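First the structure, in the form of structure tokens, and then the observations on it.
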């Protein structure tokens, strides 16, 4: 288990806008917009790999799931996603809304295996 409590010091609930404002305090302002975008995109891949590694060890190697550590790594991924979106001038609310619109179009009645297979055949 991780020694870090992912909930320590947090004020729940937090809106995405509040998170964006708080996360922006930790941006490296010496980077250009394109450098921030690249740094965030690379960081997102790196953090996704860390999440994958923890889940892989749990599923295939018998490690217990470390929810606290996964929460920290998912938070790091959220920071990278937020930074990438911000570099593009897009809010997390806009990212979320665009994703839901895509999912509604893809799975108008909700997810089904049949629709997924049908979609892959298109």
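The values are calculated or read from the model by the stated rules, or taken from the named source; none is laboratory data. Computed from a predicted model, the values in this text were never measured in an experiment. Cβ sites come from the backbone with ideal geometry, for glycine too, and all protein chains shown count toward neighbours.
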Exercise. Taking the stretch 57-66, which residues are surrounded by 12 or more Cβ atoms within 10 Å (Cβ to Cβ) and either in a helix (DSSP H, G or I) or not assigned by TED's automatic domain parsing to the domain that holds residue 86 (or both)?
Worked result: 57, 58
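Quick check, is residue 119 touching a helix residue (DSSP H, G or I) at 6+ places or on another chain (Cβ under 9 Å) and modelled with pLDDT under 95?
It is true that residue 119 is touching a helix residue (DSSP H, G or I) at 6+ places or on another chain (Cβ under 9 Å) and modelled with pLDDT under 95.
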Exercise. Among the residues of the stretch 91-105, is any surrounded by 17 or more Cβ atoms within 10 Å (Cβ to Cβ) and touching a helix residue (DSSP H, G or I) at 6+ places or on another chain (Cβ under 6 Å)?
Worked result: yes
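State yes or no: is residue 70 touching a helix residue (DSSP H, G or I) at 6+ places or on another chain (Cβ under 8 Å), surrounded by 15 or more Cβ atoms within 10 Å (Cβ to Cβ) and without any contact (Cβ under 8 Å) to a residue 24 or more places away in the chain?
Yes, satisfied.
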For this session: Just one of (1) assigned to a helix (DSSP H, G or I); (2) not assigned by TED's automatic domain parsing to the domain that holds residue 41 trips up residue 110, so point out which.
Result: (1)
Problem set entry | The lone exception for residue 62 - which of (1) touching a residue at least 24 places away in the same chain (Cβ under 8 Å); (2) more than 27 Å from residue 15 (Cα to Cα) it fails | (1)
For this session: For the stretch 23-41, enumerate the residues that are surrounded by 12 or more Cβ atoms within 10 Å (Cβ to Cβ) and without any contact (Cβ under 8 Å) to a residue 12 or more places away in the chain.
Result: 31, 35, 38
Exercise. If we scan the stretch 7-14, do we find a residue that is at pLDDT 95 or above and under 17 Å from residue 77 (Cα atoms)?
Worked result: no
